[in-house]
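J.: The following block contains the structure, expressed as structure tokens.
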């Protein structure tokens, strides 16, 4: 069956959450949002392209920083309301310079930083 | 610094997306939603507890099916608007009986099922 991004379930803003996972390490890198057009662009260009909610514009990940995400595979979930994007990540995924955005953990009730900018 | 769930950034419905990842395999299992109370319950009980948007009720994952998620570690991202929950998953995570919810991939423009119910 041909994939049609518009058949996915988007929220009231026309967006769907996209989890980026490093295709090699399995690390979860970040979560951002896509609309149907950014999904189509991601598939056609091979460069992972989100929709920036703050800028209300396409966000080709790494276009400015160089920390691009090369698409390996796009997957979607049972409810068709979430994407999993397997990527080859160049450089750090997080704008803080850390390898991924999930660098704070809750341990014994406290917030602990578990990675540093590279 | 003590962790206070209420300081996270929730959406207009008071919810935050939570990515569940298998702590051993690294597989991304599912994405569901939590509110501040379900985060607190998850931390205190050690049983991953979401907020069911369809039922508008706490959803202790696996309470009915037995396919529970034991909390290993809760992390949150740079923007404080997404959670990563590392878990020990009992049985399949997906209600379809598959190991995880992301069992459909887009390959050469087509939708391909990449796992079956176990």
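J.: For peptide B:29-38, what's the mean number of Cβ atoms from other chains within 10 Å of each residue's Cβ?
T.: Across the residues of B:29-38, the mean count of other-chain Cβ atoms within 10 Å is 2.
J.: Still on this model: Just B:26, B:62, B:91 to compare: in a GNM of chain B, with alpha carbon springs under 10 Å, which one fluctuates most?
T.: The residue that fluctuates most here is B:26.
J.: Another question, if that's okay. Would you mind computing, in nm to one decimal, how far apart the modelled labels at residue B:6 and residue A:9 are, each placed 7 Å from Cα along Cα→Cβ?
T.: With each label placed 7 Å out from Cα toward Cβ, I get 3.1 nm.
J.: Can you give the helix-only mean residue ellipticity at 222 nm for chain B, where every DSSP H stretch with n ≥ 4 adds -39500 (n - 2.57) and the sum goes over all residues, rounded to the nearest 500 deg cm²/dmol?
T.: -2500 deg cm²/dmol
J.: Tell me, what is the percent relative contact order of region B:15-90, built from C-alpha pairs under 8 Å that lie six or more residues apart?
T.: Across region B:15-90, relative contact order equals 32 percent.
J.: Once R0 is set to 25 Å, what does the formula 1/(1 + (r/R0)^6) return for the Cβ-Cβ distance between residue B:107 and residue A:108, expressed as a FRET efficiency to the nearest 0.05?
T.: Efficiency at R0 = 25 Å is approximately 0.05.
J.: Running a GNM on chain A with Cα contacts under 10 Å, which residue among A:40, A:56, A:23 ends up with the highest mean-square fluctuation?
T.: A:56
J.: Right, another one. Is any residue of region A:55-96 close enough, with backbone N under 19 Å, to a label point placed 7 angstrom from the Cα of residue A:43 along the Cα-Cβ axis, and if so, which?
T.: A:58-61, A:70-88
J.: Pick from B:53, B:107, B:75: which is most flexible by mean-square fluctuation in a GNM of chain B where alpha carbon atoms under 10 Å apart are linked?
T.: Highest fluctuation among the options: B:107.
J.: Distance between Cα centroids, region A:90-112 to region A:1-27: provide it in whole Å.
T.: Using only Cα atoms to place each centre, the spacing works out to 22 Å.
J.: Hey, fewest Cβ within 10 Å first, where do A:78, B:94 land in order?
T.: Starting with the residue having the fewest Cβ neighbours, the order is A:78, B:94.
J.: From the label point of residue B:14, set 7 Å along Cα to the beta carbon, how far off in nm is each other copy's matching point, shortest first?
T.: 3.0
No value in this document is a laboratory result; all are computed from the given coordinates. The structure displayed is predicted, hence computed values, not measured ones. Note that each Cβ is placed from the backbone with ideal geometry, even for glycine, and that neighbours are counted across all protein chains shown.
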